[in-house]
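The values are calculated or read from the model by the stated rules, or taken from the named source; none is laboratory data. If you're wondering where the values come from, they're calculated on a predicted model, not measured in any experiment. Cβ placement follows ideal geometry from the backbone for every residue including glycine, while neighbour counts extend to all protein chains displayed.
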Amino acid sequence: MTRPATQVMIAGGGPAGLAAAVELGRRGIRTCLVEPRITLDEDRPRAKTTSIRTMEHLRRWGVADRLRAAAPLPVSWSQDVAFCTALLGTELTRFRNAFGLYEGRDERWAEPGQQVPQPVVERVLRKVVSELSCVTFLTGHTVTAIDQDEGSVRAAVADGDGSARVIEAEYLLGCDGAGGVSRTAAGVAYTGSSGERPNLSVVFRAPGLGQEVPLDPAVQYWVISPEVSGLMGRMDLDDRWWAIVQRVDVRTSAPDPQALVRSLIGAEYGGPVHVLGTDPWVARMLLADRYRSGRVFLVGDAAHLNPPWGGHGFNTCVGDAVNIGWKLAAVLQGWGGTALLDSYEAERRPVAAQTIADSSAQEKLLAPSFAGRPLTGLGPEAERLRAETAAALRVKAGEVYSEGLVLGYHYAGSPAVVDDGSPVPSHTPQTYHGSARPGARLPHAWLRDGRSLFDALGPGLTLLRLSADADPAVLEAPARARGVPFTVADLTGEGLFDRYGAPLLVVRPDQHVAWRGSGDADGGRILDTVLGAGS
């Protein structure tokens, strides 16, 4: 049977589709990425938080520094979230190192987080995709229909003038969000609910505003006020700002976005406010009942819609793309069995469910929830009310601190992980407790030569040798015989044996531990499980 020229079709070129294209393209997979937008809307930034975990993937792709160079706000500028009575008002409390923002190296991760508007991330990834010779990127095109049989997937693709063609591929990734055709074509339904509290996002230009702010720099300022409450921050270090005004319903009223922004800034501000864009929305907590239908896989927002609180939606999309990307490459290149693809939903759907649950917990703790009392003015009573509100705001730590959720998720129940019987890490969303249990993200370390441990991992499977007494041949020989891209990282001089709990560890391309044990293991059976080649 003749195989289609395109191996993987990607419907949708947002963060999920771009990440999938990079993951596949760097592995030499012939990929066609279809995206309706020709240009990016800079005035609807949507996501603004690129997590530690996503930055680690960008580092693996060799583009973390490119994103940081493009980001308008360097990590050094601020790592804080501040709560205040108004942008030009009084600070109530402050959270340091929010959203994984840290200066300098940290033993726990290879890269800190980065605050950067989503259009900037997409622009950087579009450039990366354009540099991959095996990826065809069709902007101004839309996937309008999908059908499949046992051998291939066919997508009807329309361009801007209405002309259409059919592109055939071996697999299709539906990265076209809630409104695309992929989920419907796959016969998949969302389950869940939507938030009860509407919001209005506003992007505006305010020349000179930054020089008037009396508060120390912060990547987010949460305004707690009986009049108008919400959050805001700088999009760059010039004049562009964003705001989210909470409990504003454009369905029942006609709010004045400029007046709302001025209220968040403070009544004393007399400078210009130029509204550049508005975007009304309601948080949605929806999860697809399945992630796969035959040769079609749902990725990102097509599979789950996360509330934005904590900034996990875009990052969860990237995690999906990485997971299915390396697995599809393994199958198409012949070193992974088709059963490996079954592990995608088993691994990623529980992560989305947990992320939705943790983010949804913040839906009842938005800024208006703390704005029932006047917090301005002078004197002991005003100071007491501000102090009490500041104490109550400590509950917001669950939104700004999420290293446990971002780094501590695991695939312990996956069919592509060899269970060693050790305890499954408990879910502690605010605090990361590293574990080398199979299924978990490999705990990070800085090596003695200054490299990140993650930089020592290869593009396929990597065997970490942590003791000179352990013979890597038990896995290296069968891997080489099967044509598996296999790297042996000899770290016997790094003192990591006690930390990782075994002399040998197999690490997957996505930096998750697949197996750990000793040199007397059955390497062939381990590979059967990890690569979906077992019966």
Counted residues, region 458-495 - those being more than 31 Å from the chain's Cα centre (by Cα) and of a type in the set (S, T, N, Q)
2
Which of the residues that make up region 104-151 are acidic (D, E) and buried (at least 18 other Cβ atoms within 10 Å of the Cβ)?
E111, E122
Residue within region 406-414 that is in a loop (DSSP other than H, G, I, E, B), surrounded by 16 or more Cβ atoms within 10 Å (Cβ to Cβ) and aliphatic (A, V, I, L, M) present:
yes
From (1) touching an Asp or Glu at 6+ places or on another chain (Cβ under 9 Å); (2) in a loop (DSSP other than H, G, I, E, B); (3) closer than 29 Å to L365 by Cβ, pick out the condition that doesn't hold for R290.
(3)
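Of V261, V245, which residue is within 22 Å of K48 (Cβ to Cβ), touching a residue at least 40 places away in the same chain (Cβ under 8 Å), in contact with a helix residue (DSSP H, G or I) (Cβ under 7 Å, 6 or more places away or on another chain) and crowded, with 18+ Cβ neighbours inside 10 Å?
Working: V261 fails: in contact with a helix residue (DSSP H, G or I) (Cβ under 7 Å, 6 or more places away or on another chain).
Of V261, V245, the one residue that is within 22 Å of K48 (Cβ to Cβ), touching a residue at least 40 places away in the same chain (Cβ under 8 Å), in contact with a helix residue (DSSP H, G or I) (Cβ under 7 Å, 6 or more places away or on another chain) and crowded, with 18+ Cβ neighbours inside 10 Å is V245.
Is it the case, given these coordinates, that V506 is outside any loop (DSSP other than H, G, I, E, B), crowded, with 16+ Cβ neighbours inside 10 Å, of a type in the set (V, I, T) and not assigned by TED's automatic domain parsing to the domain that holds G28? Quick ask: steps written out before the conclusion?
Numbers: outside any loop (DSSP other than H, G, I, E, B): yes; crowded, with 16+ Cβ neighbours inside 10 Å: yes; of a type in the set (V, I, T): yes; not assigned by TED's automatic domain parsing to the domain that holds G28: yes.
It is true that V506 is outside any loop (DSSP other than H, G, I, E, B), crowded, with 16+ Cβ neighbours inside 10 Å, of a type in the set (V, I, T) and not assigned by TED's automatic domain parsing to the domain that holds G28.
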For region 295-328, what are the residues that are of a type in the set (D, E, K, R) and crowded, with 24+ Cβ neighbours inside 10 Å?
D301, D320, K327
Counting only residues that are more than 19 Å from A479 (Cβ to Cβ) and in contact with a Lys or Arg (Cβ under 8 Å, 6 or more places away or on another chain), region 325-341 contains a total of 2
Do we have any residue at all in region 435-457 that's within 22 Å of the chain's Cα centre (by Cα) and over 29 Å from G310 (Cα atoms)?
yes
Which residues, counting only those in region 369-389, are part of a helix (DSSP H, G or I) and either among the aliphatic types (A, V, I, L, M) or without any contact (Cβ under 8 Å) to a residue 24 or more places away in the chain (or both)?
S369, P380, E381, A382, E383, R384, L385, A387, E388
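Among the residues of region 108-164, count how many are part of a strand (DSSP E or B) and among the basic types (K, R). Full working, then the answer.
Pass one, region 108-164, residues part of a strand (DSSP E or B): 109, 114-115, 135-139, 141-148, 153-159, 164.
With the extra rule that they be among the basic types (K, R), the set shrinks to 154.
Residues flagged as part of a strand (DSSP E or B) and among the basic types (K, R) within region 108-164 amount to 1.
For region 48-79, enumerate the residues that are polar (S, T, N, Q), touching a Gly at 6+ places or on another chain (Cβ under 8 Å) and assigned to a loop (DSSP other than H, G, I, E, B). Spell out how you get there, then give the answer.
At the first step, the residues of region 48-79 found to be polar (S, T, N, Q) are 49-51, 54, 76, 78-79.
Among the residues that remain, those that are also touching a Gly at 6+ places or on another chain (Cβ under 8 Å) are: 49-51, 54.
Residue satisfying the conditions is S51 alone.
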Just a yes or no: is a residue in region 22-30 in contact with a Gly (Cβ under 7 Å, 6 or more places away or on another chain) and outside any loop (DSSP other than H, G, I, E, B)?
yes
Yes or no: R448 assigned by TED's automatic domain parsing to the domain that holds Q511, surrounded by fewer than 15 Cβ atoms within 10 Å (Cβ to Cβ), of a type outside the set (S, T, Y) and touching a residue at least 40 places away in the same chain (Cβ under 8 Å)?
yes
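Would you please name the residue that is farthest from the chain's Cα centre (by Cα), looking only at residues in region 310-362 that are not in a helix (DSSP H, G or I) and not hydrophobic (A, V, I, L, M, F, W, C)? Let's see the steps before the verdict.
Initially, region 310-362 is screened for residues not in a helix (DSSP H, G or I), giving 310-312, 333-337, 361-362.
Cutting the leftovers down to not hydrophobic (A, V, I, L, M, F, W, C) gives us 310-312, 333-334, 336-337, 362.
Values: G310: 11, G311: 8, H312: 6, Q333: 27, G334: 29, G336: 25, G337: 27, Q362: 18 Å.
By that ranking, first place goes to G334.
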With the first residue restricted to region 317-336 and required to be outside the structural domain of L173 (by TED's automatic domain parsing), and the second required to be surrounded by fewer than 24 Cβ atoms within 10 Å (Cβ to Cβ) and part of a helix (DSSP H, G or I), Cβ contacts under 9 Å at 6 or more apart or on different chains are none
Exactly one of V474, V513, V484, V530 is of a type in the set (V, I, T) and surrounded by fewer than 21 Cβ atoms within 10 Å (Cβ to Cβ), and that residue is V474
Within region 266-287, of all residues that are touching a helix residue (DSSP H, G or I) at 6+ places or on another chain (Cβ under 7 Å) and farther than 21 Å from G311 by Cβ, the one surrounded by the fewest Cβ atoms within 10 Å (Cβ to Cβ) is G271
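Would you confirm, using the coordinates I've provided, whether R197 is of a type in the set (D, E, K, R) and either part of a helix (DSSP H, G or I) or under 26 Å from A71 (Cα atoms) (or both)?
No, not satisfied.
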